[in-house]
Every structure is written in C-alpha cells, then in structure tokens.
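To start, the structure itself, in structure tokens.
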Amino acid sequence: MIRLLTLFLTSALAYTAGHVYAQSKQYTLAEILNIARRQSAAARIAETRKENRYWQYRTFRSNYNPQIQLGGSLPDFNRDYIQNLLDDGSLIYQERQRTNPFVNLSLEQPLMWTGGKISLNSNLNWFQDYLIDFSQWSGTAVNISYQQPLFGFNRLRWDRLTEPLRYEESKREYVQETEYVARQLVDYYFNMLDFQSNVELARFNLGATDTTFRIARRRFDLGTINKDQLLQSELQYIKAQQEAATSRIGLENARVQLRLFIGMPDTSAFVLILPEELPKLQVEVNQALMLARQNRADFIAFERRRLEAERDVAQARAQRNQITLSASFGLTGSDDRFNQLYANPLSQQRINIGFSIPVIDWGRNKAQVQTALAGKQLTEYLIELDEIKFEQEIITLVNQLTALQYQVSLSRRAAVVAQERFMAAQERYRQDKLTLTEFTQALNEKDNAVRSYVQALRSFWAAYFDLRRLTLYDFSEGKPLLSK
C-alpha cells in the first residue's frame, strides 16, 4: 500500500485519481510537444519567418540573373494649344493634335565581378501630327550599352559573400526557434504539473487531516487532549480545504495557459503525465562546444558580421572618388514606311567617363573611413565577447545537466522516503504515540519532497532543451537537429 501511494504521489500524478480525473485524457510531454510544434502560434511564426527569409534569399539570387523588361506608352494621344509668335510680334494659339506611342524591349545583365552592367535595348516609335498630316516611324534596331564604375564599391560582390551566409543562418535560426518553443513549453507544462500535483497532494492531505480531526474529537471527548489541541487539528483540516480549493483554481488557469500556448482548440479537461523517464545522456563539454560551433546560427553570424564590417570599410574608401565609364553602340532608323524603317540604318556610338572627385572635403572622407575601421574593430571585440559568453553558457549548461540528473535521482528517493515516513507517522498518531505537531511536520515534509521532485524534473528538462537549442543536436538520439 505504501508503494502504491508513493508511486501515486511522486510518479505520473495523472493516472486515475478518483472521479475527477477518471474521464480525462492524459498527455505526455512528448505528445504535448508534438502538438505545440504543429499548432502553436510561436511555431507558426517561426515557420512564416523561415518562408519570408527564403523569399528574401530568392530575391537576392535574382539580382544576378538577366532581367527582360517591356515598356512603352500606348496610345499616347495629345491635343493641346501652343503659343506661336508671328513676324509682327503678336501671339496666337494654335491647336496641336499628335500621337506618339512607343515600345521598348530591354535586356540587362549585372556583372558581379566588376560591378558593372551590360544592356541590350530595342525600341520602336510612331509619330503622327493630324493637323499637318505628317507621320513617321523611328526606332533603334539594337543598342548595346555598358556601364562600369571605376575603383568603386561593388555591392554585388559583397552581397555574394554575405547573403548566402545570412540564408544559412536563417535556416539554423528556424531550428533554434522551434527548440525555443520546446523550451517555453517546459515551463507551461510544469506550471500545470505543479498545480496538478498540488491538487493531488491537497486531496490526499484533506483525507488525512479529516482523519486526524475525527481522532482528535474522540480524544477530546475522552478527555485525553485539551481544546487547544482540538482546535489545532480543526485548523489544519480547514487549511487543507483551502489549499484544495486554491489548487483547483490554479490548475484550471494553468491548463488554459498551456492550451493557449500549444494552440489546442479542444476545451475538454486533460491531465499531464510526469516525465520521469529521462534520456540517457553522457555529454562532454568539448563535444558540446564542437557541436555548437558546427550547428549554431551564431557562429555563421560571427563570420557574416566580420564580412559586413570589411564591406563597410571598402564602401567608405570607395566613396571618395566616383568615376563611371559608359559606352554604347546602336543602329537607328526612321521612315514614313514601316517596312523601310531599317533599310539604311544609322549607327550611333557614345563613350563617356563621368567623375566626381572632391578637391577639399575638410577630412570628411578620412573620418568616414576611420569610422568604418573603428566599427570593424568594435565588431571584432563584440564577436570575441559573444564567443566567450556562448562558450561559458555551454560549459555551465553541460555541468548543470550532469548535476541535475543526479539531483532528480536524489529527489525521487527523498519523495519515497518522505512518503513512507508520513505513513509511519500517521499510524503512530492513530496509536497516540505521536503529537499533532510531529504529524504535521511529517505531512509538510512529504509535500515538500514531492514538490522538490517535480521541481528537479522541471530543471532537468529545461536544461535539456536549452542544450538542444544551443547545440542543435539531439543527444538522446545522437543526431543533429538541422537537416542537411
């Protein structure tokens, strides 16, 4: 009987416990976790953020592909009045009716290694003046142009270095966010378990204090105890009733909070099973650090931040002298007949070098460069500090997890011992060999031992999911959480 009560109080805490839980559905931590990963708002936010980052990456990739665009203006009819100065100096307003539609087809290709752009264009224009009965076709059969910044900042090349890292970082951040959902779930899960265990303890204690109160009344009638001792027993019984009512309210609130977090639409009551079966873990500090460096988004972010700091320096240095080379070649033609438009095409060529070189900037460019260099140095210091903090967090967590496994074992044994001691104390109290104060002490120690056991399990599972989140590695299965 003692063993059965011990298992009832210190194990699942969700198995049949009277008529209240008889029809309630039971969930394990793994089952609730699966629901949260599918239905919770936090999981959906993480999934949406992942999709958003994917399309951002696709946008980046498209910047290096040729772009074909069709533009124009149709029908582009215009009727207005213009001033016309006559020979005698007077002004008259003359009507004008024109149609001037055009269409243009262009192909542009950015050049990543040089930062320039090459384009191919073709356009067609039709002009007609209705009042003077004049019309003409004009167009450019082909025009090839090239633009190249000289000694300038090449954003395409830098983006090619940083954006793939950012995308890889986002994929790992998604896994980290899903693991953070699991870590948050542990708190909600054990918040409900705390109240659930309090309800069970309160129900058990209510029965025990009711028994002691009845024994105290019989002893008072026999004159073996005084009224003060009787009132003390009654007060203990009333307190147990209050704790039972308070625990039930707290349990319902915790159940609602858990249901809202995991996105469970079902409003029926359910109970949770205490996750006593711990994964067998043997985690070495060096192993955890190595896995974190391999898998965590932070270490990819460190590399990206270094590159971005170098990019800012290059951009600051390139801003001083801005020189752009432009060249183009094309064939154009015009005629009042469309089929004769390019019968005798005319060639057009253009070459231009535009430049903007500050003569005196009062140290502006130097200050910009020095600011970028200082920012780069600051980034290095911050990354170094972040790496140290991250490693310390890993080391602390691994050591803590090892200690918590032992703590759970001790707490389980303490709960068993405290329950057995209480059963013995209850029997001795019935035999009038124990005072009410000693009985109450045994009762409180039993409750505290059960709560300490539940708290030890909470701490272990919190540390376990924290370690998964920091390393992106499933130590129980021996495989990475990040899919390749």
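Every number in this text was worked out from the coordinates using simple rules, so none of it is lab data. This structure is a prediction, so every number in the text was calculated from the model and none was measured. Neighbour counts run over all protein chains shown; Cβ positions are idealised from the backbone, glycine included.
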Could you please tell me the mean projected area of the C-alpha convex hull for segment 279-407, averaged over all directions and given in square nanometres to one decimal? 17.9 nm²
When we measure straight from the Cα of LYS433, which lysines land under 20 angstrom away, once same-chain ones fewer than 8 places off are left out? LYS227, LYS446
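For the residues TYR188, TYR473, what sequence is obtained by ranking on other C-beta atoms within 10 Å, fewest first? Mind showing how you got there, number by number?
Values: TYR188 20, TYR473 24.
Ascending Cβ contact count within 10 Å gives the list TYR188, TYR473.
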Label selected from [x] 82, 29, 20; [y] 84, 28, 17; [z] 59, 46, 21, the criterion being semi-axes √(5λ) of the Cα gyration tensor in Å as computed here: [x]
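With a ≥ b ≥ c the root eigenvalues of the C-alpha gyration tensor of segment 291-341, is it rounded (a/c under 1.5), prolate (a/b larger than b/c) or oblate?
Numbers: a/c = 8.52, a/b = 2.51, b/c = 3.39.
Oblate, because a/c is 1.5 or more while a/b does not exceed b/c.
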Rounded to two decimals, what is Rg over Rh for segment 400-464 when you use alpha-carbon atoms and the Kirkwood radius? 1.16
Extending each Cα 7 Å along its Cβ direction at ASN65 and ARG451, get the distance between those two points in nm, one decimal. 6.2 nm
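Provide the FRET efficiency to the nearest 0.05 for the LYS50-ALA141 pair, computing r from the beta carbons and using R0 = 56 Å.
Working from the Cβ atoms, E equals 0.75.
So, by mean Cβ neighbours within 10 angstrom, what's the order for 241-253, 56-68, 349-361, 294-306 with the highest one leading?
Numbers: 241-253: 15.3, 56-68: 12.2, 349-361: 9.6, 294-306: 18.5.
Taking the mean over residues of other Cβ atoms within 10 Å, the ranking is 294-306, 241-253, 56-68, 349-361.
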Residue-wise HN-Hα coupling along segment 422-427, computed from phi with Karplus coefficients 6.51, -1.76, 1.60 (Hz; x: Gly, Pro): 5, 4, 5, 5, 5, 5
Can you classify segment 178-249 as rounded, prolate or oblate using the Cα gyration tensor, where a ≥ b ≥ c are the square roots of its eigenvalues, rounded means a/c under 1.5, and otherwise it's prolate if a/b beats b/c and oblate if not? prolate
What is the angle, in °, between the Cα long axis of helix 285-295 and the longest principal axis of the Cα atoms in the chain? Nearest 10 is fine, range 0 to 90. 30 degrees
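What does the charge dipole of segment 52-137 about its Cα centre add up to, to the nearest 20 debye, if the Cβ of each Lys and Arg holds +1 and the Cβ of each Asp and Glu holds -1? All intermediate terms of the calculation are to be shown ahead of the outcome.
Working: 7 positive and 8 negative charges, 202 e Å.
Dipole of segment 52-137, to the nearest 20 debye: 980 debye.
For the chain, what's the relative contact order in percent, using C-alpha pairs closer than 8 Å and at least 6 residues apart? Don't skip to the end; give the middle numbers.
Numbers: 691 pairs, mean separation 102.1, N = 484.
The value is 21 percent.
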